[in-house]
Amino acid sequence: MGSGWHEWPLMIFTVFGQCVVGGFIVLALALMKGDLRTDSQQRVVACMFGLWVLMGIGFIASMLHLGSPMRAFNSLNRVGSSALSNEIASGSIFFAVGGLGWLLAVLKKMSPALRNLWLVLTMVLGVVFVWMMVRVYNTIDTVPTWYSVWTPIGFFLTLFMGGPLLGYLLLRVAGIDGWAMRLLPAISVLALVVSGIMSVMQGAELATIHSSIQQASALVPDYGSLMAWRIVALALALCCWIVPQVKGYQPAIPLLSVAFILLLVGELIGRGVFYGLHMTVGMAVAS
């Protein structure tokens, strides 16, 4: 029993990966709108570098989970038949296509039409990557705490909370201040509300799941307090982002950076709880 902190490499990989996919979608849509000047577009493309740094950190963390980085290639041995292999393959393709396209865009080796094709393709690959993450856990019917609707909802909520904030931060670094950016906080706030409701409903459901030797609610005894701290961290992150706008001015980049760090802390707490809830059916399971 615990709170899943021993799985910190997977916590970093999944949370960072989902935030990066969401952030890329925000920047891609900003570029595809077509109302940015050429120099502004190039600044946005340049700021995408932050996405690939975070994605790189996530992949390094995932390799540490394997015990030895030399085993990383073994995870691709069963692409098509293994959910884990599909996750690593889809993430690698997203990273490779996104990173290579970014390099060509930075070097101005892409026509506008080709760049739009790259943006659309990479967005689709990113969503597929997140779905493949879900499939790693949501197809294991012997783990009733993961074989649940809460797994895909939780993973995609991270995308909808972290993506808009990360995208907004990078757009501010690029010097962009468009009216459409004001819609991004609303998306994250809505995702936070849904996440809070999900936490309560999932907590109630845990009391109904047990095997012949184990009670799901006992897996993470501090579930309530950990989720409360998570919500507090996420709420503080959104306050740092939204309050300055309510007062009529744009949040400063350092404040947005603090907000994103708080959001990562909150989501890592939630992901730690997720891994802490791992259980197997044992001799029997009831719910």
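At-a-glance table
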{"quantity": "Qualifying positions in the range 111-136 - without any contact (Cβ under 8 Å) to a residue 24 or more places away in the chain and crowded, with 18+ Cβ neighbours inside 10 Å", "calculated": "W118, V134"}
{"quantity": "The range 56-85 residues that are over 18 Å from Y275 (Cβ atoms) and surrounded by 11 or more Cβ atoms within 10 Å (Cβ to Cβ), paired with ones that are modelled with pLDDT under 80 and of a type outside the set (A, V, I, L, M, F, W, C) (beta carbon under 7 Å, 6 or more apart)", "calculated": "S85/S75; S85/N77; S85/R78"}
{"quantity": "Unique match (being touching a Gly at 6+ places or on another chain (Cβ under 6 Å) and modelled with pLDDT under 90) among S3, S62, S82, S75", "calculated": "S3"}
{"quantity": "Count of the range 146-168 residues which are open to solvent by less than 10 Å² (accessible area, probe 1.4 Å), farther than 18 Å from V194 by Cβ and either of a type in the set (F, W, Y) or not in a helix (DSSP H, G or I) (or both)", "calculated": "1"}
{"quantity": "Unmet criterion (only one of (1) of a type in the set (A, V, I, L, M, F, W, C); (2) over 25 Å from W146 (Cβ atoms); (3) surrounded by fewer than 20 Cβ atoms within 10 Å (Cβ to Cβ)) for M198", "calculated": "(2)"}
{"quantity": "Selection from the range 11-39 of residues that are polar (S, T, N, Q) and open to solvent by less than 10 Å² (accessible area, probe 1.4 Å)", "calculated": "T14, Q18"}
{"quantity": "Verdict on V193 being at pLDDT 95 or above, assigned to a helix (DSSP H, G or I) and open to solvent by 70 Å² or more (accessible area, probe 1.4 Å)", "calculated": "yes"}
{"quantity": "Selection status of R172, open to solvent by 60 Å² or more (accessible area, probe 1.4 Å), of a type in the set (K, R) and in a helix (DSSP H, G or I)", "calculated": "no"}
{"quantity": "Members of the range 93-110 that are free of Cβ contacts under 8 Å to residues at least 24 places away in the same chain and either under 19 Å from L54 (Cα atoms) or in contact with a strand residue (DSSP E or B) (Cβ under 8 Å, 6 or more places away or on another chain) (or both)", "calculated": "A96, L100, G101, L103"}
{"quantity": "Failed condition for M161, given (1) under 16 Å from Q18 (Cβ atoms); (2) more than 15 Å from the chain's Cα centre (by Cα)", "calculated": "(2)"}
{"quantity": "Verdict on A216 being among the aliphatic types (A, V, I, L, M), within 15 Å of W150 (Cα to Cα), open to solvent by 50 Å² or more (accessible area, probe 1.4 Å) and modelled with pLDDT under 90", "calculated": "no"}
{"quantity": "Residue ID - modelled with the highest pLDDT, chosen from residues in the range 219-253 that are surrounded by fewer than 16 Cβ atoms within 10 Å (Cβ to Cβ) and assigned to a loop (DSSP other than H, G, I, E, B)", "calculated": "A252"}
{"quantity": "Extreme residue, modelled with the highest pLDDT, among residues of the range 204-213 that are surrounded by 15 or more Cβ atoms within 10 Å (Cβ to Cβ) and not in a loop (DSSP other than H, G, I, E, B)", "calculated": "E205"}
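The values are calculated or read from the model by the stated rules, or taken from the named source; none is laboratory data. All values reported here derive from a predicted model rather than from experimental measurement. Glycine also receives a Cβ, built like all others from the backbone with ideal geometry; neighbour counts cover every protein chain displayed. What goes into the accessible areas is simple: the full protein's heavy atoms, side chains included, and nothing from ligands, DNA or RNA. Shrake-Rupley method; radii C 1.70, N 1.55, O 1.52, S 1.80 Å.
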